[in-house]
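Student: Before I ask anything, here is the structure I am working with.
The values are calculated or read from the model by the stated rules, or taken from the named source; none is laboratory data. What you see is a predicted model, and the numbers here were worked out from it, not measured in a lab. Note: ideal-geometry Cβ built from the backbone for every residue, glycine included; neighbour counts use all protein chains shown.
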Ligand code: MSP
């Protein structure tokens with residue numbers, strides 16, 4: 001027996017200072033869709049998500065609300081968990097950076113960096129953006145002297161810090177990127193990182209004095225300082241992987257479990273704004289402690305609203321849960337996955353959302369209704385014993401395209417291929433005219449073939465749409481008389497003859513347009 005392939009997929013851990021919005025939902029749903037594809041393909045998947053709970057941003061937000069930071073984090077971690085449950089996210093582990101296991105792992109990690117002479121004490125002077133928790137140099141700020149990521153004001157800091165010798169790893173990092181062309185995808189982002197690495201790489205400040213920020217994890221070699229929140233946050237991936245057993249993590253010990261753990265991650269999924277932290281800070285830190293780097297990093301684009309950046313102050317933040325309450329979980333997932341080409345930016349508009357919903361309702365939903373009701377009307381609900389006649393090339397093409405699109409991480413193309421198959425099946429109905437075949441007893445065999453063909457296509461569609469439309473495909477599998485949504489392989493091989501198909505309410509019911517005002 002061959003060994004089962006494993007996949008460890010991660011989302012970023014979200015700041016516990018704000019509500020989940022469609023940007024967060026996008027990264028998480030994208031990861032979920034890939035996780036479901038892999039599971040459907042028989043792989044053993046470990047899907048990690050969670051919340052980023054230390055740092056200035058959290059401390060400030062808690063102060064603003066007049067609560068302790070941990071109280072804020074407790075509330076927000078629950079909010080994120082609930083959001084993910086309502087959006088059908090099949091995560092295996094939800095990590096919080098305030099957990100004991102994580103604190104112990106960060107401590108062990110930093111101790112090991114220290115023991116390996118990878119850390120030195122120095123003075124930091126420069127700019128800091130609290131919103132992104134990032135240090136910036138004079139040059140980074142540009143002409144308007146604001147944060148290059150979020151455009152907010154930055155503060156000047158000058159203080160004693162500990163530094164990680166990141167610059168020592170610059171050549172190794174460049175080699176890693178050049179030797180592994182798909183390590184950072186898409187290509188355009190990889191090239192940005194490579195061009196960033198043409199400049200000499202500085203060392204990385206990894207601490208904050210407690211006198212200014214107390215909400216963090218103590219440095220094991222200087223209790224007057226806490227770990228820089230990005231270092232703390234990135235290590236979450238390692239904590240959850242089980243690569244370090246903190247109870248044994250003195251010196252070199254406790255790092256021996258890597259082979260038994262989920263580390264290295266197969267894919268970190270991140271937005272383009274946090275690619276540098278994931279593809280420069282994180283791999284060099286891992287090199288510093290002597291652990292393998294992640295296998296791949298996927299940087300996706302940004303959702304904007306119309307033409308504008310989404311922001312709390314503009315009041316245009318799109319709430320995925322509001323959309324979900326009106327249209328259902330699958331509709332939100334479908335829209336986000338189908339509308340944004342992986343890696344590119346996309347614009348949210350209510351009109352596009354409706355258009356994508358109509359596609360689900362009018363193409364897929366309609367096909368299911370028509371096919372199941374005709375089988376009920378003409379053949380008492382039983383799939384006739386007949387060869388399929390037509391649509392074989394379309395089925396093969398859809399399977400082939402979806403598989404190859406997923407391999408290339410073109411999730412939107414995979415689902416476009418699935419929808420094209422549903423569209424082709426609707427055209428097939430128009431061409432075969434089963435209602436006419438049903439009127440002529442001489443065409444009974446042709447009608448059997450038409451209905452058997454449609455039943456077969458529905459099974460394949462059920463498998464193809466499963467990673468995105470998880471709820472409705474579960475419902476469809478029941479209507480098709482299957483015991484659960486089939487894998488792609490099983491779907492193709494499934495013998496539908498004699499199965500009893502049920503009809504039911506439309507999978508994607510009509511929605512009245514007043515909802516539009518309520519989503520932002
Ligand atoms: N806490 C850090 C990540 C630490 S990971 C070790 C963080 N958190 S975040 O809550 O600000 O955002 C996390 C993710 O949401 C990022 O991948 C970011 O790209 C994504 N998005 C936030 N706004 C977004 C859009 N408007 N559009 C798409 N994704 C965006 O960063």
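Student: Hey, could you check region 160-169 for residues that are crowded, with 16+ Cβ neighbours inside 10 Å and touching a strand residue (DSSP E or B) at 6+ places or on another chain (Cβ under 8 Å) and say which is modelled with the lowest pLDDT?
Tutor: Only one residue fits best here, namely 161.
Student: Another question, then. Which ones in region 1-20 are surrounded by fewer than 20 Cβ atoms within 10 Å (Cβ to Cβ) and either in contact (Cβ under 8 Å) with a residue 12 or more places away in the chain or within 9 Å of the ligand (Cβ to nearest atom) (or both)?
Tutor: 4, 5, 6, 18, 19
Student: Turning to a different aspect of this structure: Take the conditions in contact (Cβ under 8 Å) with a residue 40 or more places away in the chain, within 17 Å of residue 281 (Cα to Cα) and either surrounded by fewer than 21 Cβ atoms within 10 Å (Cβ to Cβ) or touching a helix residue (DSSP H, G or I) at 6+ places or on another chain (Cβ under 7 Å) (or both) and apply them to residue 243. Does it pass? Give the steps one after another, and end with the answer.
Tutor: Values: in contact (Cβ under 8 Å) with a residue 40 or more places away in the chain: yes; within 17 Å of residue 281 (Cα to Cα): no; either surrounded by fewer than 21 Cβ atoms within 10 Å (Cβ to Cβ) or touching a helix residue (DSSP H, G or I) at 6+ places or on another chain (Cβ under 7 Å) (or both): yes.
Criteria not met by residue 243.
Student: Related question: Kindly check whether there is at least one residue in region 289-302 that is touching a helix residue (DSSP H, G or I) at 6+ places or on another chain (Cβ under 8 Å), assigned to a helix (DSSP H, G or I), more than 13 Å from the ligand (Cβ to nearest atom) and touching a residue at least 24 places away in the same chain (Cβ under 8 Å).
Tutor: yes
Student: Also: Taking residue 77, is it more than 15 Å from the ligand (Cβ to nearest atom), closer than 19 Å to residue 229 by Cβ and either in contact (Cβ under 8 Å) with a residue 12 or more places away in the chain or outside any loop (DSSP other than H, G, I, E, B) (or both)?
Tutor: No; evaluated as a whole, the condition is false for this residue.
Student: If a residue counts only when it is crowded, with 16+ Cβ neighbours inside 10 Å and assigned by TED's automatic domain parsing to the domain that holds residue 475, which helices (runs of 4 or more DSSP H) contained entirely in region 329-417 have at least 3 such residues?
Tutor: On the way: elements: 329-339, 350-359, 366-379, 392-407.
It comes to 350-359, 366-379, 392-407.
Student: Within region 482-497, how many residues are assigned to a loop (DSSP other than H, G, I, E, B) and over 13 Å from residue 453 (Cα atoms)?
Tutor: First, pick out the residues of region 482-497 that are assigned to a loop (DSSP other than H, G, I, E, B): 482-487, 494-497.
Next, from what is left, pick out any that are over 13 Å from residue 453 (Cα atoms): 482-487.
Of the residues in that region, 6 qualify.
Student: If I ask for residues that are assigned to a strand (DSSP E or B) and away from the ligand (no atom under 16 Å from the Cβ), which ones from region 107-148 would you list? If you could, list the steps in order and put the result at the bottom.
Tutor: Start the filter on region 107-148 by keeping residues that are assigned to a strand (DSSP E or B), which leaves 119-129, 134-136, 146.
If the condition is that a residue be assigned to a strand (DSSP E or B) and away from the ligand (no atom under 16 Å from the Cβ), then 119, 120, 121, 122, 123, 124, 125, 126, 127, 146 are the ones that fit.
Student: Which pairs turn up if I take residues in region 47-59 that are assigned to a loop (DSSP other than H, G, I, E, B) and look for partners that are at pLDDT below 95 and more than 10 Å from the ligand (Cβ to nearest atom) with beta carbon separation below 7 Å, at least 6 apart in sequence or on another chain?
Tutor: Once the first residue is assigned to a loop (DSSP other than H, G, I, E, B) and sits in region 47-59, no partner that is at pLDDT below 95 and more than 10 Å from the ligand (Cβ to nearest atom) comes close enough.
Listed here are the residues, each with its yes/no results for (1) farther than 30 Å from residue 383 by Cβ; (2) touching a strand residue (DSSP E or B) at 6+ places or on another chain (Cβ under 8 Å).
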site: 278; (1), (2): yes, yes
site: 295; (1), (2): yes, yes
site: 320; (1), (2): yes, no
site: 329; (1), (2): no, no
site: 332; (1), (2): yes, no
site: 347; (1), (2): yes, yes
site: 352; (1), (2): yes, no
site: 365; (1), (2): no, no
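Student: Moving on to the next point. Report, by residue number, each residue of region 170-215 that is more than 26 Å from the chain's Cα centre (by Cα), part of a loop (DSSP other than H, G, I, E, B) and either surrounded by 12 or more Cβ atoms within 10 Å (Cβ to Cβ) or in contact (Cβ under 8 Å) with a residue 40 or more places away in the chain (or both).
Tutor: Of everything in region 170-215, those that are more than 26 Å from the chain's Cα centre (by Cα), part of a loop (DSSP other than H, G, I, E, B) and either surrounded by 12 or more Cβ atoms within 10 Å (Cβ to Cβ) or in contact (Cβ under 8 Å) with a residue 40 or more places away in the chain (or both) turn out to be 197, 201, 202, 203, 206, 210, 212, 213, 214, 215.
Student: Could you list, in sequence order, all residues of region 21-33 that are within 18 Å of residue 275 (Cβ to Cβ) and more than 7 Å from the ligand (Cβ to nearest atom)? Full working, then the answer.
Tutor: Within region 21-33, the first condition is being within 18 Å of residue 275 (Cβ to Cβ), and the residues that meet it are 23-24, 26-28, 30-31.
Once the filter is applied, which keeps residues that are within 18 Å of residue 275 (Cβ to Cβ) and more than 7 Å from the ligand (Cβ to nearest atom), region 21-33 yields 28, 30, 31.
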